[in-house]
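Reviewing the structure listed below.
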Protein chains: 2
Amino acid sequence: MSQHRHPGAPGRAGAVPALPDLPEATVARLPEYLRALHNLADAGHETVSSEGLSAAAGVNSAKLRKDLSHLGSYGTRGVGYDVALLIEQIEYVLGLTQRRAVALVGVGNLGHALAGYDGFASRGFRIAALLDADPSRVGEEINGLVVRHVDDLPTVAAEESLAIGVIATPAAAAQQVADQLVAVGVTSILNFAPCVLSVPEGVDVRKVDLAIELQILSFHEHRKASLTALPATGGSALTALPGGFAATDTQEAIGT
Amino acid sequence: MSQHRHPGAPGRAGAVPALPDLPEATVARLPEYLRALHNLADAGHETVSSEGLSAAAGVNSAKLRKDLSHLGSYGTRGVGYDVALLIEQIEYVLGLTQRRAVALVGVGNLGHALAGYDGFASRGFRIAALLDADPSRVGEEINGLVVRHVDDLPTVAAEESLAIGVIATPAAAAQQVADQLVAVGVTSILNFAPCVLSVPEGVDVRKVDLAIELQILSFHEHRKASLTALPATGGSALTALPGGFAATDTQEAIGT
DNA sequence: AGGCGCTTGTGAAGACGTGCACAAATCGCG
DNA sequence: CGCGATTTGTGCACGTCTTCACAAGCGCCT
């Protein structure tokens, strides 16, 4: 059976797309695999083993195989995975075959940077609108887009099919903006404001808080310091750090 | 036993700091609790119940209680938690009692925004140096700090006790910068570049990839679309989304 | 054609994280 | 002083995620 069947691949619209309900942890890793695969493709590789890909993505190879097995069987035993095919598959599953329109609300410090970030465009997204509540910012042109007032959201939504809203406003404004996004039909929100958003069921919110990331690192710093600072208390000073140190989300990595 | 003992609180240096080795998932939530607590303190609350705090932080109340119980017993049954005391405790555990110096490498689009982000300063960090490899950027002043060349890192490290390095360079430069940071003794790195870093054991790396967050949201969009688009295939159309939809890291929330 | 080395896909076990439900503890009030 | 209302802290069961280890499958070489 060398006939690779994409279960609902872009071209051939089968009866049921049959998106297998992937474990959330797997979904979170797929983009990482995708990035690594693009690198490999650019480097001219046509196939890659789970060992090779997992190294490039910074994960355990067994984990990678299990993740990919959830998408279906796209590897060849004894050979590895077809890079191009796997890219196509992952992009399909992630819904990246269509370029999704993103509305970015809040054109302050961070919003400016996001508006100019080319990583969005190069990885399947298109910033469709820039919005802000501050009238003095409305009209400003950033990266070829004119900032519109946030109250124009209904108009924007009528022009474009907005898939995702990005909130880069101060915390105080975030909830109101979220409500406005939800009101025009946005069902996925990426929130950079340091606050909790209430949204109706069916709306997904992901949060990115830069300060929180630093605070987590700070904890580990504190811990490392409290360990190495031990002069002679009980256990012997450990030159190598104790096991179980590798964090869930943290690479701890092998040099070489 | 109403005598609250901080197990290694700032002032009283006990024999052993005894940082309880917290579950990583707990550590990741503590900053969120801390933020919620600061809000409560500003609003004049002196105590808060686990129910109230968990709502403000967007988590389950049982989870919150279990998380806090790992720090020790700082609540009072029938009353709740002392807001000020809990803030002090969490800040101690996270190592925020000392203001940590952060070196930011890469003053491009994103780096600029990070340099101007006041969320760092207000939550326990101090940007101690801005660095870039591009000579044309060296000398530029941002937010009162002059950009220095990345090769000056050893000098910077000699002046300041750098705790954390932030990499906001293009992916191609990230590994080299990481090596330089490690070389001057930095043991915690926050990486915004879309690539995997190799670092020696004992160095913690956390990664933030903005495009990945969008891609995860894209998956959920795709999935929601493939569900609602089902015309009449097998099962009946679900008006309410199926269970198991709430993601690990995603709030799905109640809009009252 | 057959065997050998390599790689995938997966069963099973263990570690980890979550959430319920309840006993223990504390406060306030009569 | 005792009782009831309230809230913490936690034992337990369940689900998810990770990791090992290995059988099954594939291609290549002889």
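Restricting attention to segment B:94-150, the residues that are surrounded by 16 or more Cβ atoms within 10 Å (Cβ to Cβ), among the basic types (Lys, Arg) and in contact (Cβ under 8 Å) with a residue 24 or more places away in the chain total 3. Scanning segment A:49-71 for residues that are buried (at least 19 other Cβ atoms within 10 Å of the Cβ), near DNA strand C (Cβ under 8 Å from one of its atoms) and over 20 Å from residue B:198 (Cα atoms) turns up just one, A:68.
Could you go through segment B:76-83 and let me know if any residue there is touching an Asp or Glu at 6+ places or on another chain (Cβ under 9 Å), free of Cβ contacts under 8 Å to residues at least 60 places away in the same chain, outside the structural domain of residue B:166 (by TED's automatic domain parsing) and crowded, with 20+ Cβ neighbours inside 10 Å. The answer is yes; a qualifying residue exists.
Filtered by the rule that a residue be at pLDDT 95 or above and either closer than 17 Å to residue A:20 by Cβ or within 14 Å of chain B (Cβ to nearest Cβ) (or both), segment A:64-84 gives A:64, A:65, A:66, A:67, A:68, A:69, A:70, A:71, A:75.
Residues of segment B:214-226 include at least one that is in a helix (DSSP H, G or I) and more than 25 Å from residue A:104 (Cβ to Cβ). Filtered by the rule that a residue be under 26 Å from residue B:224 (Cα atoms) and crowded, with 18+ Cβ neighbours inside 10 Å, segment A:151-174 gives A:153, A:156, A:157, A:162, A:163, A:164, A:165, A:166, A:167, A:168, A:174. Does residue A:92 fit the bill of being within 11 Å of another protein chain (Cβ to nearest Cβ), farther than 16 Å from residue A:33 by Cα and hydroxyl-bearing (Ser, Thr, Tyr)? It is false that residue A:92 is within 11 Å of another protein chain (Cβ to nearest Cβ), farther than 16 Å from residue A:33 by Cα and hydroxyl-bearing (Ser, Thr, Tyr). Among the residues of segment B:24-77, which ones are under 18 Å from the mean Cα position of the chain (by Cα) and of a type in the set (Val, Ile, Thr)? If the condition is that a residue be under 18 Å from the mean Cα position of the chain (by Cα) and of a type in the set (Val, Ile, Thr), then B:26, B:27, B:59 are the ones that fit.
If you take the residues in segment A:176-206 that are facing chain B (nearest Cβ under 7 Å) and of a type in the set (D, E, K, R), which one is farthest from residue B:26 (Cα to Cα)? Selected residue: A:201. Scanning segment A:80-120 for residues that are touching a strand residue (DSSP E or B) at 6+ places or on another chain (Cβ under 6 Å) and within 15 Å of DNA strand C (Cβ to nearest atom) returns A:80, A:81, A:82, A:83. Look at (1) out of contact with any strand residue (DSSP E or B) (no Cβ under 7 Å at 6 or more places or on another chain); (2) polar (S, T, N, Q); (3) within 22 Å of residue B:225 (Cα to Cα) and you find that residue A:136 fails only one, number (3). Does residue A:173 satisfy the criteria of being at the interface with chain B (Cβ under 7 Å from one of its Cβ atoms), more than 22 Å from residue B:215 (Cβ to Cβ) and at pLDDT 95 or above? When the stated conditions are applied, residue A:173 does not pass them.
The values are calculated or read from the model by the stated rules, or taken from the named source; none is laboratory data. Because the structure is a prediction, the values reported are computed rather than measured. Neighbour counts run over all protein chains shown; Cβ positions are idealised from the backbone, glycine included.
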